[in-house]
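All remarks here apply to the structure that follows.
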């Protein structure tokens, strides 16, 4: 056997023997149990001798005094560490470090941006069910404008159709539930219905049948709107008339101008040529409204008139008083009704 | 203290923070850690300072660690090993930038020459004194890693795997090195 091989075998045998000793077996037991060790007995015994001498180092121990003092030292130091840790944490929790100067504008910008975007989103969401005359209606319209500007041309057709349906639904709500909004708002709504319809056609999104259906529906809304306007004006005048009647000579100017805004007869009776011009237009538009073609001109006239009505409703000019008096004398509202 | 008891003490200390359980661990490991450090620094005072430093680290970190009896042994000795290395590194820097290995070698020679050291310490029984002194010299002639392996394997009876994890060595390498060291000591004693 070569020397190297012999050394390897020896290493294996010694290692095995030591591992058996580690497991708690006695050296004599190992020699008796495993005959292979017997041939290496003298070698193994030399190793065991060296091992036992090394194990004598176990008698090296720290003094009792040190054992005690070290433990005390550990407790003292750890107590200090825990206190300082606690204080540090307390300080860091109590007073947070100020933000770095260059971060301040960034933080301010981000927080403002987040606040605005969240609040705008919330407002837009809240405005989804608004109708003309509501405070949030303008938000709804502006959100729609933004949506339109961010939509590619291919998506514009369906988007405008959706907006058209919205407008028509709003008009239906106003007309069916008889919600009180100004004529100006109502005219604007009609205008936007026309606009959306026009845009749908521009994008060639509507089929022939759809086009016809929508046309009929839009015309229906317009007719209803105009009827409502007339009715409202009539009711308003009557109301005013009653009020005037109640007040005697009080503010009958209102009644006079209100009448002028709707009816030719009153304007002809009292105020001036401009008023009568208006009233003439009104009559013309009344007729044209049904045909839909001159809807815009009609609407303008209505709005002009209604604006006058509102203004006159509040004014208390002496001139008007005179006019009003003349109307009152001639029972202006009765006149109007008769003229009609 | 057997492994089961050690496991229980570690768990209880982590759970309750009761110093009784820490003291059990402390009293069991103090001689082992002290010895491991003493045979490297060969100075009582330094060994005591470093030992208390090690136990301070153990106390501060034991609750945040996930240890059992097996991993605790490796962890505690690893702390001791690193503490000694840090000590030698600090010392070598303060002594005119001598390299770490050179410093440790010189340190061992210097300390072992001071034969009064062992007598003064009175660590060893009088009848064993002469032999132990010889053995100390033999031990310090061994390369640093072999010296540590001899201490950990034959004095503290740690298994090869644990020693490997302490010294960042493979189990087979530890096995070979421990046999070589033992063989060297055996042959030197025989002379």
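Some points to look at:
- Residue within region B:31-44 that is surrounded by fewer than 21 Cβ atoms within 10 Å (Cβ to Cβ), at pLDDT 90 or above, over 19 Å from residue B:167 (Cα atoms) and within 13 Å of chain A (Cβ to nearest Cβ) present: yes
- Taking each residue of region B:120-149 that is within 11 Å of chain A (Cβ to nearest Cβ) and looking for partners that are modelled with pLDDT under 50 with beta-carbon atoms closer than 7 Å, six or more apart or interchain, yields B:132/B:124.
- Odd one out for residue B:54, checked against (1) within 14 Å of chain A (Cβ to nearest Cβ); (2) closer than 25 Å to residue A:56 by Cα; (3) at pLDDT below 90: (3)
- Positions within region B:3-20 being within 13 Å of another protein chain (Cβ to nearest Cβ) and either within 30 Å of residue B:44 (Cβ to Cβ) or touching a residue at least 12 places away in the same chain (Cβ under 8 Å) (or both), in sequence order: B:13, B:17, B:19, B:20
- Number of the exception - residue B:186 against (1) modelled with pLDDT under 90; (2) more than 8 Å from every other protein chain (Cβ to nearest Cβ): (2)
- Pair list, Cβ under 6 Å, 6 or more apart: region A:1-24 residue within 9 Å of another protein chain (Cβ to nearest Cβ) and surrounded by 10 or more Cβ atoms within 10 Å (Cβ to Cβ), other residue at pLDDT 75 or above and assigned to a helix (DSSP H, G or I): A:11/B:179; A:14/A:47
- Qualifying residues in region A:50-65 (those that are within 7 Å of another protein chain (Cβ to nearest Cβ) and loosely packed, with under 15 Cβ neighbours inside 10 Å) - the one farthest from residue B:153 (Cα to Cα): A:59
The values are calculated or read from the model by the stated rules, or taken from the named source; none is laboratory data. Treat the numbers as computed from the prediction; the structure is a model and nothing was measured. Every residue, glycine as well, gets a Cβ built from its backbone with ideal geometry; the counts of neighbours run over all protein chains shown.
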